[in-house]
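A quick write-up on the structure given underneath.
The values are calculated or read from the model by the stated rules, or taken from the named source; none is laboratory data. Because the structure is predicted, anything quoted here is derived from the model rather than measured. Quick reminder, even Gly has a Cβ in these numbers, built from the backbone with ideal geometry, and neighbours come from all protein chains shown. Accessible surface is based on the protein model in full, side chains and every heavy atom, while ligands, DNA and RNA are left aside. Shrake-Rupley method; radii C 1.70, N 1.55, O 1.52, S 1.80 Å.
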Amino acid sequence: MTIRVLIADDQAMVRTGFGLILAAEEDIEVVAEAADGAEAVELARRHRPDVVLMDIRMPRLDGLEALRLLTRPGMVDPPRVVVVTTFDDEAYVRRALRGGAYGFLLKDAGPALLVEAVRAAASGEALISPSVTISLLRGLTAEPTAGGGPEPDPLSERERQVVVLVARGATNAEVAAALTIGVGTVKTHLTNVQRKWGARNRVEIAARAWETGLV
């Protein structure tokens, strides 16, 4: 199946470069390019891409606001957004993860990682650039809950094990190998965690694990 991609970046050279990298892959097709966040939202609605590569700092509408519009509750088959930026500021990472991004890459990550991030997002996985260190996730602080009581729907022991590995960057296959279970079982556990935590994807699961001190 061909992965349909929309590239959103205010620099024409960046869009062209990303387009050439992705066009060389047999399973990826660039269906549209946008020069700002507003155009990205419009073109995403028109072309229905599987994945959007989204810059942050763009005119008219920045990438994080465009991400919010594309992934807001009630959207039917929203695209999976991978934030690709020059900046690894913690605030950007925080907002991207909480906004439903399926990945966070720096523009100097290289062609191979860009292609890997697109494929990971299309398959429901999440990829964060190695340059965005785990310390940024550690910087996510938990918001106090009213009463300080336990979570109303706590995770099972196996779900906690899966979440810890995911928060440390493991893929589904790596989690399965570490816990000696099937990949399908890992996906089932992650689906259960998403339901219990109200998370939209594994990136939000990872962020929540760091926020709550599970990792």
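What to note about this one:
- Here the relative contact order of the chain, from alpha carbon pairs under 8 Å that lie six or more residues apart, stands at 15 percent.
- Heavy-atom accessible surface of region 157-212, averaged per residue, reaches 46 Å², computed with a 1.4 Å probe.
- Approximate shape of the chain as ellipsoid semi-axes (Cα gyration tensor, √5λ), whole Å, largest first: 29, 19, 16
- The angle between the Cα long axis of helix 157-167 and the longest principal axis of the Cα atoms of the chain comes to about 30 degrees, rounded to the nearest 10.
- For region 1-49: rounded, prolate or oblate by the Cα gyration tensor [a/c cutoff 1.5]: oblate
- The overall shape of region 157-212, judged from the alpha-carbon gyration tensor, is prolate: a/c is not under 1.5, and a/b is greater than b/c.
- Peptides 44-52, 194-202 ordered by packing proxy, namely the average of other Cβ atoms within 10 Å per residue, highest first: 44-52, 194-202.
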